[in-house]
1. Against the conditions (1) at pLDDT below 95; (2) under 31 Å from the mean Cα position of the chain (by Cα); (3) open to solvent by 20 Å² or more (accessible area, probe 1.4 Å), where does Gly297 fall short? Just the number, please.
2. Read through the list (1) open to solvent by less than 30 Å² (accessible area, probe 1.4 Å); (2) within 22 Å of Pro17 (Cβ to Cβ), then give the number of the only condition that Asp329 fails.
3. Residues in region 1-43 that are in a loop (DSSP other than H, G, I, E, B), farther than 30 Å from Ala76 by Cα and of a type in the set (Ser, Thr, Tyr): how many?
4. Only one of Val341, Val358 is surrounded by fewer than 17 Cβ atoms within 10 Å (Cβ to Cβ) and farther than 23 Å from Ala13 by Cβ; which?
5. Just give me the residues in region 177-215 being over 25 Å from the mean Cα position of the chain (by Cα) and among the charged types (D, E, K, R), in sequence order.
6. Filter region 373-412 for residues that are among the β-branched types (Val, Ile, Thr) and over 21 Å from Asp304 (Cα atoms); which is most open to solvent (accessible area, probe 1.4 Å)?
7. Quick one: which strands (runs of 3 or more DSSP E) sit completely within region 323-415 and have at least 2 residues that are over 25 Å from Glu38 (Cα atoms), among the hydrophobic types (A, V, I, L, M, F, W, C) and touching a Pro at 6+ places or on another chain (Cβ under 8 Å)?
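The values are calculated or read from the model by the stated rules, or taken from the named source; none is laboratory data. Keep in mind the model is a prediction, meaning the values are calculated, not measured. Reconstructed Cβ throughout: ideal geometry from the backbone, glycine too, with neighbour counts over all protein chains shown. For the accessible areas, the whole protein counts, side chains as well, though only heavy atoms, and no ligand, DNA or RNA atoms are used. Shrake-Rupley method; radii C 1.70, N 1.55, O 1.52, S 1.80 Å.
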Amino acid sequence: MDYFAYQNGELWAEQVPLSQIVSDYGSPTFVYSRAAIEDAYQRFDNAFSHHDHRICYAVKANSNLGVLSLLTSLGAGFDIVSGGELERVLKVGAPTDKIVFSGVGKQAWEIEKAILAGIGCFNIESEQELDLISNIATKLDTSAPISIRVNPDVNARTHPYISTGLRENKFGVSSLIAREMYEQASELTHIEIVGIDCHIGSQITDIAPFTEAMQRVVEIVDDLEAIGITLKHIDLGGGIGVQYQDETPIDIEEYAAAILQTLGHRQQSLWFEPGRYIVANAGILLSRVLTLKENEGKHFAVIDAAMNDLIRPALYQSWQKVSEVRLSDSEPRFYELVGPVCETGDFLARDRHLAIEVNALVAIHSVGAYGFVMSSNYNSRSRAAEIIVSGSDAQCVRKRESVEDQLRLESVFRL
Ligand SMILES: *Cc1c(COP(=O)(O)O)cnc(C)c1O
């Protein structure tokens, strides 16, 4: 199903014309389709329906409370990486035992908060972190459920900034250290060993790196079993790639079949931490054309969205599809879509054939993951509004920031 499609020459989100959203909420504005999020979640969930599993949505991909509450209603668990994300999932009433806490730099206050909330698992990334969690759990006179993040040393063949499973990355520990840490952990009175985890990178479009990682993980599971340490779950992380341009995205049924085959007869529950897969193609960014100009034969469309709203093109050289919100008979040209920010790196798209005029609206697609969450106030630009569309209903789930909001925490220097 196409969640963003043309009807009578106008682009709609489900049953709402996008021009209506801009009339009501202004631009730039992020719009998410509820049906797109639900369908992606259900597809993932159904692919593993024959094995005990848990989907812990990676909150960092899109942490809007509206999105989190929607996913809670579908039965999702959550993968968090900070005390702030913990607060968000608690706020939407997520079942706390379905929360896993990842990240290489967990702080004492975050660990304490998570233990008190009763989260399902700490995904531990270093020996020091194991000690820290053990000490805090002891102080609180309780027990902390843990998993150790192994770095399976596989090449995810994705953008270097989002590849995390190579030996030289900062994430996780080697298989050898992991084995030692499990033995150490089994001696700790306030630590409960529950699982093992890995996460090898993001926007991975091949199944092979996942099965290689899974193979390394089950070898550790078997070794631990042999010395009397039985794990209840295997958490394979996220990283499943989606289609932005002409990539062949991973077929989730094939992914599930390959993972289940590698799991074989083993009884562990399978946990996953997909972020991008659930939300990337569920979101678009609406923006208005401010100016059209030509420099040295190159045509620029200056739009009211910029790198502070969507940094993926500038940071990862990502390609995002762009389309006209209203089909127009203006002369189509190849445009470079740029924002008003004072940087040459401030582009949203290059060489796009578009029929647009000043004041026209454009939609930048596939921005539901790592879009709004990576936005900033660079150039003192207020962050965009966020809307969730469900059928013919459009709900504002984050108001547009005001300049006043931006200035609230600052003060002039007293001379
Ligand atoms: C970022 C991250 C994810 C989610 O990655 P996606 O590519 O969005 O699926 C899952 N787990 C961990 C530990 C992460 O850091």
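1. (2)
2. Of the numbered conditions (1) open to solvent by less than 30 Å² (accessible area, probe 1.4 Å); (2) within 22 Å of Pro17 (Cβ to Cβ), the odd one out for Asp329 is (1).
3. Just the residues of region 1-43 that are in a loop (DSSP other than H, G, I, E, B), to begin with: 1-3, 8-9, 14-15, 26-28.
Filter once more, keeping what is farther than 30 Å from Ala76 by Cα: 8-9, 26-27.
From what's left, of a type in the set (Ser, Thr, Tyr): 27.
Summing the residues that are in a loop (DSSP other than H, G, I, E, B), farther than 30 Å from Ala76 by Cα and of a type in the set (Ser, Thr, Tyr) in region 1-43 gives 1.
4. Working: Val341 fails: surrounded by fewer than 17 Cβ atoms within 10 Å (Cβ to Cβ).
After applying the criteria, what remains is Val358.
5. Arg179, Glu180, Glu183, Glu187, Glu192
6. Taking region 373-412 first, the residues among the β-branched types (Val, Ile, Thr) are 373, 387-389, 397, 403, 412.
Now narrow it down to the ones that are over 21 Å from Asp304 (Cα atoms): 389, 412.
Working: Val389: 0, Val412: 127 Å².
The extreme case among them is Val412.
7. On the way: elements: 333-338, 347-354, 361-364, 385-390, 393-398.
Fully inside region 323-415 and qualifying: 347-354.
Quick grid of which residues meet (1) open to solvent by 10 Å² or more (accessible area, probe 1.4 Å); (2) in the same structural domain as Glu212 (by TED's automatic domain parsing):
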{"position": "Asp246", "(1), (2)": "yes, yes"}
{"position": "Tyr255", "(1), (2)": "no, yes"}
{"position": "Leu285", "(1), (2)": "no, no"}
{"position": "Trp319", "(1), (2)": "yes, no"}
{"position": "Phe334", "(1), (2)": "yes, no"}
{"position": "Leu348", "(1), (2)": "no, no"}
